[in-house]
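Student: Sharing a structure here in structure tokens format.
Nothing in this text is a laboratory measurement; each read-out follows from the coordinates by a stated rule. All of these numbers come straight from a predicted model, not from anything done at the bench. Every residue, glycine as well, gets a Cβ built from its backbone with ideal geometry; the counts of neighbours run over all protein chains shown.
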Amino acid sequence: MAKEQIIIKNKKAAFEYSFLVSFTAGIMLTGTEVKSIREGKATLSDSFCVLLNGDLWVKNMHIAEYKQGSYNNHEPKRLRKLLLNKNEIVKIQSKLKEKGVTIIPIQLFFNERGLAKLEIALARGKKHLTREKILKRKIR
């Protein structure tokens with residue numbers, strides 16, 4: 001019998017960015033964070049990744065506090081380390097030097113072994129047309 005897969009997606013990312021390359025990274029979590037994610041209480045909408053001292057970190061990923069967590073509970077928007085191979089980090093570092101490229105979390109899920117994984121992508125922001133620009137095009 002297959003277990004129900006918990007997948008938390010960043011729906012806003014596909015609308016605002018065009019993805020160049022994607023990677024699957026492990027993520028360092030505490031016990032209460034894992035339990036909250038299993039309940040589906042996490043959001044990726046405002047999150048992004050940064051390179052600090054040769055390591056990749058995810059910022060602003062909100063994981064709600066676990067109800068039965070007591071004093072062991074975690075901080076909802078803390079900095080979380082991503083686990084990637086060194087050569088993947090080097091690839092990401094070289095791509096980030098290009099103008100307008102950023103790293104965005106796409107989805108958070110558990111693999112078949114029960115480990116939390118975060119799918120991240122190198123992305124470039126889409127240029128959105130404002131209403132005024134659209135109207136000017138129609139008038140011409």
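Student: Under a point spin-label approximation (7 Å from Cα along Cα-to-Cβ), what is the Phe19-His62 distance to one decimal in nm?
Tutor: Between Phe19 and His62, the label points sit 2.3 nm apart.
Student: Find the all-direction average of the projected area of the Cα convex hull for the chain, expressing the result in square nanometres with one decimal place.
Tutor: Details: hull surface 47.9 nm².
Average of the hull's projected areas for the chain equals 12.0 nm².
Student: Based on DSSP loop calls and a cut-off of at most 10 other Cβ atoms within 10 Å, the longest stretch of the chain free of exposed GluC sites (Glu not before Pro) is what?
Tutor: 5-97
Student: Additional query: Are there any trypsin sites (Lys or Arg not before Pro) in segment 38-100 that are in a DSSP loop and have at most 11 other Cβ atoms within 10 Å? List them by number.
Tutor: Numbers: sites: Arg38, Lys41, Lys59, Lys67, Lys77, Arg78, Arg80, Lys81, Lys86, Lys91, Lys95, Lys97, Lys99; in loops: Lys41, Lys67, Lys77, Arg78, Lys97, Lys99.
When the trypsin sites (Lys or Arg not before Pro) of segment 38-100 are filtered for loop state and at most 11 Cβ neighbours within 10 Å, Lys97, Lys99 remain.
Student: Enumerate the amide H contacts of Arg80 below 5 Å, restricted to partners 5 or more residues apart or on another chain; note that Pro and chain-start residues carry no placed amide H.
Tutor: Val58
Student: Could you check the simple spin-label distance between Gln5 and Lys136, using points 7 Å along Cα→Cβ, in nm with one decimal?
Tutor: Between Gln5 and Lys136, the label points sit 4.5 nm apart.
Student: I would also like to ask the following. What are the ³J(HN,Hα) couplings of segment 34-45, residue after residue, when phi is run through the Karplus curve with 6.51, -1.76, 1.60 and θ = phi - 60°? Round to Hz, x for glycine and proline.
Tutor: Taking θ as phi minus 60°, the curve returns 4, 5, 5, 5, 4, 7, x, 9, 9, 9, 10, 4 Hz for segment 34-45.
Student: Helix-derived [θ] at 222 nm for the chain: sum -39500 (n - 2.57) over DSSP H runs of at least 4, divide by residue count, nearest 500?
Tutor: It lands at -6500 deg cm²/dmol.
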